[in-house]
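Structure in structure tokens, see below.
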Ligand code: G1P
């Protein structure tokens, strides 16, 4: 039995989950009193890019952020602030007022995970908000500027009766122990794009997966990138999911159990399609990359770097 993406009225109606309850220890001391999700990439906080990406697939009309009560600033950011907008407008700063309005108007709601028990537990915290529908999960340390990764995953799902789909990408053998790694076989490609099994666009039927395996245990070189389109059944499985790697309730372990009941597919993506913001170095590089790609910032960025800066 596979899930179809239509609700009773025949319309699409889904939500996306963004886990954001982490402590942000990699960015201390910057994250001592400001959540890492609000670190800016150019003029927008990282999490806004992820929210905008999360809303891109057809039928997704809301985002649920799994937050902790320690980080109320994230909620403040997505709240409407009419007085501030009016003040900006009265000073002739209409474009900035529009930008502030846009952040406050995004369809974002919050649930809480005050006990960091793992990614699987974070996703489970949003169960009641999903209304029994399939949903996307987007990990927040990474965003895809063209917002097409989840859209492509949705296409693959539709080609396979609404099955769950995860994004994967090749990883060097010595890094498999940092990620979830899948087992499976290549069964085709999205829009006929890929010609090789591990090339961008290849579609795999997933037969197994393991969280943070050793090199010997790893069943393939394909790691789970942090974009998931999941059957609602995963929530029932997460309810009883025990601790796994690192003593945490792992989403990967619940997905492995889901494979006993439902089909699951993996879409091979190019991880460089997205921008990593998970470490200070990656975040700084992402700012540079986005500045160079933005016609309004590019020239000023190159000038600000100064002629003495030699890259490489
Ligand atoms: C999580 C997932 C893992 C995935 C990774 C991608 O791990 O558990 O399967 O490969 O995200 O970034 P974490 O980075 O939270 O340890």
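Throughout, read-outs are computed from the coordinates displayed, never taken from laboratory work. The model shown is predicted, which means the values in this text are computed figures rather than measured ones. Glycine also receives a Cβ, built like all others from the backbone with ideal geometry; neighbour counts cover every protein chain displayed.
Which whole-angstrom value gives the distance between the alpha carbon centres of segment 259-275 and segment 178-242?
5 Å
Now a separate question. Can you tell me, using C-alpha contacts under 8 Å and at least 6 residues apart, the relative contact order of the chain as a whole percent?
21 percent
To continue, here is another question. Within a 10 angstrom radius of the beta carbon, how do 155, 243 rank from fewest other beta carbons to most?
243, 155
Over segment 35-138, what is the mean sequence separation of C-alpha contacts under 8 Å (at least six apart), divided by residue count, expressed as relative contact order in percent?
After rounding, I find 30 percent.
Output the antiparallel fraction of DSSP beta bridges having both residues in the chain, as a percent to the nearest 5.
Antiparallel: roughly 60 percent of the beta bridges in the chain.
Using the beta-carbon distance between residue 217 and residue 83 and R0 = 51 Å, what value does 1/(1 + (r/R0)^6) give for FRET efficiency, to the nearest 0.05?
Result of the calculation: an efficiency of 0.35.
Please give, to one decimal in nm, the separation of the simple spin-label points placed at residue 115 and residue 308, each 7 Å out from Cα toward the Cβ.
Result: 5.5 nm between the two label points.
Shifting gears a bit: Quick check on the chain: helices-only [θ] at 222 nm, where DSSP H runs of length 4 and up contribute -39,500 (n - 2.57) each and the sum goes over total residues. Nearest 500, please.
It lands at -8500 deg cm²/dmol.
Right, next: Could you list 28, 96 in order of exposure, starting from the residue whose Cβ has the fewest other Cβ atoms within 10 Å?
So the ranking, lowest neighbour count to highest, is 28, 96.
Also, quick follow-up: If r is the Cβ-Cβ distance from residue 61 to residue 30 and R0 is 30 Å, what FRET efficiency results, to the nearest 0.05?
0.35
With a/c under 1.5 counting as rounded, go ahead and sort the chain into rounded, prolate or oblate using the C-alpha gyration tensor (a ≥ b ≥ c being the square roots of the eigenvalues; past the cut-off, prolate if a/b is larger than b/c, else oblate).
prolate
Follow-up question, since we're still on this one. How far is helix 149-159 tilted, in degrees, relative to the longest principal axis of the Cα atoms in the chain, given as a value from 0 to 90 rounded to the nearest 10?
30 degrees
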